[in-house]
Amino acid sequence: MDIPRIFNITESAHRIHNPITPDKLATLGAALRLEAGARVLDLGSGSGEMLCTWARDHGVTGTGVDMSQLFTEQAKRRAEELGVADQVGFIHADAAGYVSDEKVDIAACVGATWIAGGFSGTVALLAQSLRPGGIILIGEPYWRQLPPTEELAQGCLAHSISDFHTLPALLASFRELGCDVVEMVLADQDGWDRYEAAKWLTMRRWLEANPDDELAPEVRAQLTSEPERYATYTREYLGWGVFALMLR
């Protein structure tokens, strides 16, 4: 069980597997007014940076679940590095359908809502692990500006314009799900640059070390095309944010 190998290659040097920066992640933790001992469930936890830094900075405890064996191992090492391995744990498993045995104060899926077919299904999944009065965190893309053509949307790696909402429409959708939006932290273009551009050096170094690997042609093609594709499409049209929700 694992994610497609191409993602393990291109994001192997990432600590955060979405466009949020460490500063924004810290801002989010402070904005949520986290208290020591608060319990967090993070589905699609990646390399564990959110759980580990919040455990260090705020004293939270919790569990991360991710399908990538590489990222899960990196998360465990990060917990050891920050001295919080007794506060947080990481499970290599499919987060789809995962429900915590113990109710949590914060149930999060930050950038992996595909595990439940989109943000609507993910809100419903996370709600099953949440204590009354707890907070759901959803990380989700949105259109900074609506692409005028389907071709432009596909340049952002969407299937179509309808894949994402504008920010006002996304917030309205959370309301229609019976949630109050109580906080949000939005990525900026620097966050997008750090997420996307960091892949390019990783790919180049990987190609130098693995010229005969069966995935080398695919990695080479991505490295050749991605800088221009990203600058033309994603950087201009696509936003991303983490939204804190409370069920009514």
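The values are calculated or read from the model by the stated rules, or taken from the named source; none is laboratory data. No experiment lies behind these values; they were computed from the predicted model shown. Cβ: placed from backbone, ideal geometry, glycine included. Neighbour counts: every protein chain shown. When the accessible area is computed, the model is the full protein with side chains, heavy atoms only, and any ligands, DNA or RNA have been set aside. Shrake-Rupley method; radii C 1.70, N 1.55, O 1.52, S 1.80 Å.
When the test is whether a residue is closer than 30 Å to R248 by Cβ and open to solvent by less than 50 Å² (accessible area, probe 1.4 Å), V219 does not pass it. Within the stretch 22-36, track down each residue that is buried (at least 19 other Cβ atoms within 10 Å of the Cβ) and part of a loop (DSSP other than H, G, I, E, B). Passing the criteria: L32, L34. Find the helices (runs of 4 or more DSSP H) located wholly in the stretch 67-183 whose residues include 1 or more that are among the hydroxyl-bearing types (S, T, Y) and over 25 Å from R15 (Cα atoms), and list them. It comes to 119-127, 167-176.
Yes/no matrix, rows are residues, columns are (1) at pLDDT 95 or above; (2) crowded, with 20+ Cβ neighbours inside 10 Å:
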{"site": "D2", "(1), (2)": "no, no"}
{"site": "E11", "(1), (2)": "yes, yes"}
{"site": "F71", "(1), (2)": "yes, yes"}
{"site": "E81", "(1), (2)": "yes, no"}
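Could you check the stretch 71-129 and list, in sequence order, the residues that are polar (S, T, N, Q) and more than 14 Å from E49 (Cβ to Cβ)? If the condition is that a residue be polar (S, T, N, Q) and more than 14 Å from E49 (Cβ to Cβ), then Q87, S100, T113, S120, T122, Q128, S129 are the ones that fit. Each residue in the stretch 172-190 was checked for being over 15 Å from Y237 (Cβ atoms) and open to solvent by less than 50 Å² (accessible area, probe 1.4 Å), and 6 of them qualify. If you go through the stretch 223-241 and keep only what is buried (at least 19 other Cβ atoms within 10 Å of the Cβ) and out of contact with any Gly (no Cβ under 9 Å at 6 or more places or on another chain), you end up with Y230, L238, G239.
The set of residues from the stretch 145-162 being loosely packed, with under 11 Cβ neighbours inside 10 Å and β-branched (V, I, T) comprises just one member, T149. The set of residues in the stretch 152-163 being over 19 Å from A231 (Cα atoms) and within 20 Å of the chain's Cα centre (by Cα) consists of D163 alone. With respect to (1) over 24 Å from D42 (Cβ atoms); (2) of a type outside the set (V, I, T); (3) in contact with a His (Cβ under 7 Å, 6 or more places away or on another chain), the lone exception for Q189 is condition (3). For residues that are open to solvent by 40 Å² or more (accessible area, probe 1.4 Å) and under 21 Å from the mean Cα position of the chain (by Cα), scanning just the stretch 128-144, find the one that is farthest from G29 (Cα to Cα). Only one residue fits best here, namely R144. Among the residues of the stretch 88-100, are any crowded, with 23+ Cβ neighbours inside 10 Å and of a type outside the set (V, I, T)? Yes, the stretch 88-100 has at least one match. Within the stretch 224-248, residues that are over 30 Å from L130 (Cα atoms) reach no partner that is of a type in the set (F, W, Y) and open to solvent by less than 10 Å² (accessible area, probe 1.4 Å) with beta carbons closer than 6 Å at six or more positions or on different chains.
A112 meets the conditions (1) within 23 Å of R248 (Cα to Cα); (2) of a type in the set (A, V, I, L, M); (3) within 15 Å of the chain's Cα centre (by Cα) in every case but one. The failed one is (1). One residue stands out in the stretch 219-248 among those that are in a helix (DSSP H, G or I), touching a helix residue (DSSP H, G or I) at 6+ places or on another chain (Cβ under 8 Å) and among the aliphatic types (A, V, I, L, M): the one that is nearest to I20 (Cα to Cα), namely L223.
Scanning the stretch 192-200 for residues that are in contact (Cβ under 8 Å) with a residue 60 or more places away in the chain, in contact with an Asp or Glu (Cβ under 7 Å, 6 or more places away or on another chain), within 17 Å of S12 (Cβ to Cβ) and basic (K, R) turns up at least one hit. Taking the criterion of being farther than 19 Å from S129 by Cα and more than 17 Å from the chain's Cα centre (by Cα), the residues of the stretch 46-72 that qualify are A55, R56, D57, H58, G59.
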